[in-house]
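Asker: This is the structure I have questions about; it appears just below.
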Amino acid sequence: MRVFIGVDGGGTKTAFALVSAEGHLLARHVGPTCSYLSAGYDGAKAVLEQGVKALLARSHIPLADVEFAFFGLPAYGEDSETSPLLDALPIDLFPLGNYRCDNDMINAWAGSLSCRDGINIIAGTGSIAYGENAGKSVRCGGWGELFGDEGSAYWIGRAGLARFSKMSDGRCPRTPLYDIFRRHFAVRDDLDISGIVLGDWRGERNRIAALSQLVATAARAEDGYALGIFADAATELASIVDSTRRSLEFTEEETVPVSYSGGVFEAGDLIKQPFRRALRARYAHYELVEPRFAPAVGAAIYAAKLAGAPLSAEALGALSADTLAIAS
């Protein structure tokens, strides 16, 4: 049996998937983060090795039967000096070199679009786009919160804090967002929120990103400021996509599939509707499509492509049925 491994690394967890050439999802596994920024190189290596072994143990398939593996790793390619070190993490598992490491953004593209030409925009804690066209690949964004991460959950959460501070000072009218933030933090004095975020949290990125859910709550209450934050986020995300399209050199009037990933899009129409409008305002031939597979499965699909054995349309159909059956 020809099988492929996909690994989707993240800041909090690492997801593993084992897929056959016939399109069957044979096993899944979830482990802790493999980010070298959090776990160090030795810790990241251990997570990857333990995860692959657990994946194969569940499927009763020997490591020797794995044709190819793709490891999508967080922060890969963002510091040229670290890339060789990250490339070497799985070498003990795959001494023949039948694997590749790259940025985890590729997993989201490969899963959402089944490796077909087009663009995927990720809006999670950060924001980044990745796309391919006629063999050319491009990334855009992903610079981190100090440089940008526009349209991300962190960006939305920070915008919510900024709007709260203006409401507290009387620089703008108080709307539902103000009360939602106060209830969430349970503070006596508004400035105590600053003490919590900057002092207790020390500006922790993930915690600030989680505040985007408060902004979403306010937007669902028809808070104009909160709705405006989501509209601005959609505009920023569309700008990232459009820059990616131009760099990929799609021909004029060519249909460009666009899919999406990340927690921001869990807000549903709050972000999807303004995102769709912002895309159309830039280019009339975008096709916004629902993501087809999860990123870990996308990594396995990409592994098959790298091996020169891309999954057929029939195999992708079987894989869709497998993933839907597991989800239900």
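The values are calculated or read from the model by the stated rules, or taken from the named source; none is laboratory data. None of the values given here were measured: they were computed from a predicted structure. Because the Cβ atoms are built from the backbone with ideal geometry, glycine has one as well, and the counts that use them run over all protein chains shown.
Asker: Say whether the condition of being hydrophobic (A, V, I, L, M, F, W, C) and surrounded by 15 or more Cβ atoms within 10 Å (Cβ to Cβ) is met by at least one residue in the stretch 198-207.
Answerer: Filtering the stretch 198-207 down to residues hydrophobic (A, V, I, L, M, F, W, C) leaves 198, 201.
Retained after the next criterion (residues that are surrounded by 15 or more Cβ atoms within 10 Å (Cβ to Cβ)): none.
So far as the stretch 198-207 goes, no, none of its residues is hydrophobic (A, V, I, L, M, F, W, C) and surrounded by 15 or more Cβ atoms within 10 Å (Cβ to Cβ).
Asker: Another one. Residues that are of a type in the set (D, E), under 30 Å from A54 (Cα atoms), modelled with pLDDT of 95 or more and out of contact with any Pro (no Cβ under 6 Å at 6 or more places or on another chain): does the stretch 107-124 have at least one? Give the steps one after another, and end with the answer.
Answerer: Start the filter on the stretch 107-124 by keeping residues that are of a type in the set (D, E), which leaves 117.
If we keep only those that are under 30 Å from A54 (Cα atoms) as well, we get none.
No; the residues of the stretch 107-124 include none that is of a type in the set (D, E), under 30 Å from A54 (Cα atoms), modelled with pLDDT of 95 or more and out of contact with any Pro (no Cβ under 6 Å at 6 or more places or on another chain).
Asker: In addition: Of the numbered conditions (1) modelled with pLDDT of 95 or more; (2) surrounded by fewer than 24 Cβ atoms within 10 Å (Cβ to Cβ), G135 satisfies every one except a single condition; which is it?
Answerer: G135 satisfies all of (1) modelled with pLDDT of 95 or more; (2) surrounded by fewer than 24 Cβ atoms within 10 Å (Cβ to Cβ) except (1).
Listed here are the residues, each with its yes/no results for (1) of a type in the set (V, I, T); (2) touching an Asp or Glu at 6+ places or on another chain (Cβ under 7 Å); (3) buried (at least 18 other Cβ atoms within 10 Å of the Cβ); (4) on the phi > 0 side of the Ramachandran plot.
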site: R277; (1), (2), (3), (4): no, no, no, no
site: R282; (1), (2), (3), (4): no, yes, no, no
site: F293; (1), (2), (3), (4): no, no, yes, no
site: V297; (1), (2), (3), (4): yes, no, yes, no
site: A303; (1), (2), (3), (4): no, no, yes, no
site: G308; (1), (2), (3), (4): no, no, no, yes
site: S312; (1), (2), (3), (4): no, no, no, no
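Asker: Ok, one more. What do you reckon, is R188 of a type outside the set (G, A, S), outside the structural domain of G72 (by TED's automatic domain parsing) and either more than 29 Å from A216 (Cβ to Cβ) or surrounded by fewer than 17 Cβ atoms within 10 Å (Cβ to Cβ) (or both)?
Answerer: yes
Asker: While we're here: Which helices (runs of 4 or more DSSP H) does the stretch 170-276 wholly contain that include 1 or more residues that are at pLDDT below 95?
Answerer: Working: elements: 176-185, 205-210, 212-220, 224-248.
Here the list reads 205-210.
Asker: Assuming E132 fulfils every condition listed in (1) in a loop (DSSP other than H, G, I, E, B); (2) in contact with an Asp or Glu (Cβ under 6 Å, 6 or more places away or on another chain) apart from one, which condition is it?
Answerer: Tallying (1) in a loop (DSSP other than H, G, I, E, B); (2) in contact with an Asp or Glu (Cβ under 6 Å, 6 or more places away or on another chain), E132 fails exactly one: (1).
Asker: Still on this structure, I have one more. For the stretch 82-95, indicate whether the set of residues that are on the phi < 0 side of the Ramachandran plot, among the β-branched types (V, I, T), surrounded by fewer than 21 Cβ atoms within 10 Å (Cβ to Cβ) and modelled with pLDDT under 95 is non-empty.
Answerer: Taking the stretch 82-95 as the starting set, the residues that turn out to be on the phi < 0 side of the Ramachandran plot are 82-95.
Next, from what is left, pick out any that are among the β-branched types (V, I, T): 82, 91.
In the following step, the residues that additionally are surrounded by fewer than 21 Cβ atoms within 10 Å (Cβ to Cβ) were identified as 82, 91.
Cutting the leftovers down to modelled with pLDDT under 95 gives us 82.
Among the residues of the stretch 82-95, at least one is on the phi < 0 side of the Ramachandran plot, among the β-branched types (V, I, T), surrounded by fewer than 21 Cβ atoms within 10 Å (Cβ to Cβ) and modelled with pLDDT under 95, which makes the answer yes.
Asker: E49 fails exactly one of the following numbered conditions: (1) in contact with a helix residue (DSSP H, G or I) (Cβ under 9 Å, 6 or more places away or on another chain); (2) in contact (Cβ under 8 Å) with a residue 24 or more places away in the chain; (3) of a type outside the set (S, T, Y). What is the number of that condition?
Answerer: (1)
Asker: Could you list, in sequence order, all residues of the stretch 294-328 that are farther than 25 Å from A233 by Cβ and either basic (K, R) or part of a loop (DSSP other than H, G, I, E, B) (or both)? Spell out how you get there, then give the answer.
Answerer: Going through the stretch 294-328, the residues farther than 25 Å from A233 by Cβ turn out to be 296-297, 299-328.
Scanning the stretch 294-328 gives K305, A307, G308, A309, P310, L311, S312, S328.
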